Each structure stands twice: as structure tokens, then as C-alpha cells.
Amino acid sequence: MDTAEACKFVRARVGSNVGRLCCDKGLSQSRFAAMIGVDRSHLNQLIGGKSNVTLDVLVKIADGLDVPLTSLFFGLGDAAPQRIEYDGTPEGAAQ
């Protein structure tokens, strides 16, 4: 089973959600990275969908933003990753 496209899409969706949540809270990437003890360049790569984030970092992010972990995966629906319907952009996922 080839999941490369699904993985790429999920990374982009999670990154987009983290970026949106930081913006909603009025936090710059630099400030937020310092708050949660993550390198700013790593956070930038994550928000850009280019970094494969660990669960530990996801927990730090959710805690730092004071949101449930599930909010980081908003917009992915409840389908298995290989069944996610998308047009190649984070906004294209089934809600």
C-alpha cells in the first residue's frame, strides 16, 4: 500500500491547522517555538507541511495552544488516510 500522498496531505493539513491556531492566538512562530521549547526552523517546517512531526511535539503544540490534540487534525474527517478525498491541497480534504 502506497501512502506517500496521504502522508504528504496529512502533514500539510496538520501544519496548516497549527499555523492557523497560532495566528488565532496572536502568536508568532518564533514566540510560540520558544514557548514550547521547539526550534523555530523545525516549527516553520512543520507548519509548511515539510516536516514529519513526532507525537511528543504534537503534545507540546496542543498544550502550548491550550487545544485538544484532535484540533490539530481538524478537517481530515474520519476516513482511513488512504481513503481521504482531496484535491492535493489541505483545504480539499473531506470535512
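If the Cβ limit is 9 Å and pairs must be 6+ apart or interchain, which residue in the stretch 20-43 that is closer than 22 Å to PHE74 by Cβ pairs with which residue that is among the aromatic types (Phe, Trp, Tyr) and in a helix (DSSP H, G or I)? Once the first residue is closer than 22 Å to PHE74 by Cβ and sits in the stretch 20-43, its partners that are among the aromatic types (Phe, Trp, Tyr) and in a helix (DSSP H, G or I) give CYS22/PHE32; LYS25/PHE32; VAL38/PHE32; LEU43/PHE32.
Taking the options LYS50, LYS25, name whichever one is among the charged types (D, E, K, R), under 13 Å from the mean Cα position of the chain (by Cα) and surrounded by 12 or more Cβ atoms within 10 Å (Cβ to Cβ). Talk me through it step by step, then tell me what you get.
Numbers: LYS25 fails: under 13 Å from the mean Cα position of the chain (by Cα).
Every option except LYS50 fails the conditions.
The set of residues from the stretch 1-46 being more than 14 Å from LEU58 (Cβ to Cβ), part of a loop (DSSP other than H, G, I, E, B) and at pLDDT 95 or above comprises LYS25, GLY26, LEU27, SER28, ASP39. Every listed requirement among (1) without any contact (Cβ under 8 Å) to a residue 12 or more places away in the chain; (2) closer than 26 Å to GLU5 by Cα; (3) not in a helix (DSSP H, G or I) is met by ALA62 save one, (3). What tally of residues in the stretch 70-95 results from selecting those that are within 18 Å of CYS7 (Cβ to Cβ) and at pLDDT 95 or above? The number of residues fulfilling the criteria is 1.
The values are calculated or read from the model by the stated rules, or taken from the named source; none is laboratory data. Since the model is a prediction, treat every value here as computed from it, not as a measurement. Here the Cβ is made from the backbone with ideal geometry for all residues, glycine too, and neighbour counts use every protein chain on show.
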